[in-house]
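Structure first, commentary second.
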Amino acid sequence: MRQEWEPEDLIEVWTLLEDDMAKLRNKSGSNRLGFALLLKFFEVEARFPEVPGEVPQAAVAYVAQQVKVPEAEWAAYDWTGRAIKRHRTEIREAFGFRECSVEDQAQLAEWLAAELCPVELSRERLVEAVVARCRKQGLEPPTPGRVARLAGSAVAAFEEQFCRQTAERLSAT
């Protein structure tokens, strides 16, 4: 996610709407701010941030004003406890998403190898295609590192299949 935001863009993307505020009613302090930031980040990226620094500081300040929680509470948000797991579940449900399972990842790799690898050489575009497909299917994409590895394994599977098919077509001579 980009770190620099113009005021107009910040307002357009990071403003909490009435429905968003309703989801915050039973939360306070760092949990209130953390949930609000995760909610808006997920709305934009269709995934959760991996580390607090991935959320733009301007967004933290803007959302903190809206939820009436000091901006410093973002540093106190627990990234490993039960609260964040519950928050992520609530947010996925709110957007109609689910976690990407190992089976889903295997299907994504098969799809990439069969459909995109024959026509697309750029790993970056393969990664973008995986994220787009996850959004379309209501799946929270795996971490960016995992998506890159998934694309790499799909390319390797495609190349192996391509070489095998090519070798089978060649005559013995």
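Structure notes:
- Pairs of lysines in the chain whose Cα atoms sit within less than 19 Å of one another amount to 9, provided the residues are eight or more positions apart or on different chains.
- The chymotrypsin sites (Phe, Trp or Tyr not before Pro) of segment 77-131 meeting both criteria, a DSSP state outside H, G, I, E and B (loop) and at most 12 other C-beta atoms within 10 angstrom of the site's C-beta, are TRP79.
- Label-point gap, in nm, between PHE95 and VAL51 - each point 7 angstrom along Cα→Cβ: 2.1
- Label assignment, Cα Rg over 2.2 N^0.38 Å derived from the structure, set (i) 1.02; (ii) 1.30; (iii) 1.17: (ii)
- The chain - percent relative contact order, Cα under 8 Å, separation 6 or more: 20
- Rounded to 0.05, the FRET efficiency of the ARG146 and ALA172 pair, given R0 = 41 Å and the Cβ-Cβ distance, is 0.45.
- Per residue, the average separation of C-alpha pairs within less than 8 Å and at least 6 apart gives segment 99-172 a relative contact order of 41 percent.
- Scanning residues 5 or more positions from GLU140 or on other chains, those with amide H under 5 Å from its amide H are ARG98, GLU99, CYS100, with H placed 1.01 Å from N in the peptide plane.
- Considering only ALA94, ALA148, LEU17, and ranking their Cα positions along the charge dipole of the chain that arises from unit charges at the beta-carbon of Lys, Arg, Asp and Glu, the one farthest toward the positive end is ALA94.
- With a simple spin-label model that places each label point 7 Å from the Cα along the Cα-to-Cβ direction, the separation between ARG25 and ALA83 comes to 2.0 nm.
- At a probe radius of 1.4 angstrom, the accessible area of segment 99-172 per residue rounds to 65 square angstrom.
The values are calculated or read from the model by the stated rules, or taken from the named source; none is laboratory data. All of these numbers come straight from a predicted model, not from anything done at the bench. Note: ideal-geometry Cβ built from the backbone for every residue, glycine included; neighbour counts use all protein chains shown. Quick note on the areas: whole protein, heavy atoms, side chains included, nothing else; ligands and nucleic acids left out. Shrake-Rupley method; radii C 1.70, N 1.55, O 1.52, S 1.80 Å.
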